[in-house]
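A short write-up of the structure that comes next.
The values are calculated or read from the model by the stated rules, or taken from the named source; none is laboratory data. Predicted model only: the values in this text are computed from it and were never measured. Heads up, the Cβs are rebuilt from the backbone with ideal geometry, glycines too, and the neighbour counts pull from every protein chain shown. Just so you know, the surface numbers come from the protein's heavy atoms only, side chains and all, with ligands and any DNA or RNA stripped out. Shrake-Rupley method; radii C 1.70, N 1.55, O 1.52, S 1.80 Å.
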Amino acid sequence: MNNQQKVIDDIEIILEKKGFNFLLDNLVHHKILNFLIEDKTIFLFLSKRLEGSQFDTLLFLNKVTMLRNSILKKELEKLSKEELDFIVYKGFVANFNFYSKSGLRVMNDIDLFIDRADREKINALLNNLGYKYGFLDESGHLIEITDERHEKEKSFYKQHVITFEGDYIENTFSKTNLFIKDNKTIVFYSEIEVITEIIEKEQTYGKSDFIPCKYYLKDMKYMGISPADVIYFTTLKFENDYSSRKHSWAYIYEITETMRNSRVSFDEMENIFSARNTREAWQFVRKYVTEFRGEGD
């Protein structure tokens, strides 16, 4: 059985036992809606299997999430023109450089690694670009804060207001926490997380620990982490989230696509994880990657 047929069978089971709303919530949570819409075979199945309004919901949500990706990309383009040395971390690098179709996976934010000494400089730059520091509450509203020690996880947010033609589909955004709807207007935020160091598996990584690579997107040139580092940190993210049942299967696709398009081998990753004392994480995730690729080790 090929991957497409397995996905179709799984969707059928979910629709029969749990219903459309459960399916939609999981497609959003695992960030895989766009993949299904782009696959011609699965797209055709969904168009015939779902009711008209349900299928329209998927198409509309796919359109809006792709628009969100393009806005995040434009925000990085603005920042890349400033005189600031930073490295783009994780999702953005994979999304626009290693996927078969650029910008396919839904992104929640852009992660930037900077030197600790440049923190005040990037704060000022982001403020000038319209960003505010804080967090989103459960209703999706921005709560601004000034105290770095605040217990909530904080980022920089900028509000975007987009107006669409046509009617909204009821409950499209009820559980996505991605958008707020008001008549024909969608309000959402681009998020930039600024990192000076990150701790994974009892190890501390700073900007100098990454292997920087130059990437080009049309007229934009920026520094991002290497394909191997994308795979490494995405693997740790998946393993950590899996243990708390918050994992997203999009990460497995991301690892697979990054390996395929950058030609990073299993042996190379095995050596990297072993050198960083995180081999168990790779062994855990590798079985899912090989299964997704439809091949053995």
| note | With R₀ set to 25 angstrom, the calculated FRET efficiency between the beta-carbons of LYS18 and ASN240, to the nearest 0.05, is 0.40
| field | Rounded percent of accessible protein surface that carbon and sulfur make up, the chain, 1.4 Å probe | value | 45 percent
| Given LYS31/LYS78; LYS158/LYS214; LYS63/LYS154; LYS101/LYS158; LYS78/LYS246; LYS31/LYS246, which pairs have Cα atoms separated by over 22 Å? | LYS31/LYS78; LYS158/LYS214; LYS63/LYS154; LYS101/LYS158; LYS78/LYS246
| Full-stretch length increase - ASN277, LYS214 - with 0.36 nm per residue and alpha-carbon distance subtracted | 19.9 nm
| note | With every protein chain kept in place and a 1.4 Å probe, the chain has an accessible area per residue in Å² of 53 Å²
| request: Whole Å is fine, so just give me how far the alpha carbon centre of the stretch 203-223 lies from that of the stretch 99-155. | output: 18 Å
| said: Can you match Kirkwood radius over Cα pairs in Å to one of these, (i) 21.1; (ii) 20.0; (iii) 20.6, based on a calculation from the structure here? | reply: (iii)
| For the chain, share of DSSP beta bridges that run antiparallel, in % to the nearest 5 | 85 percent
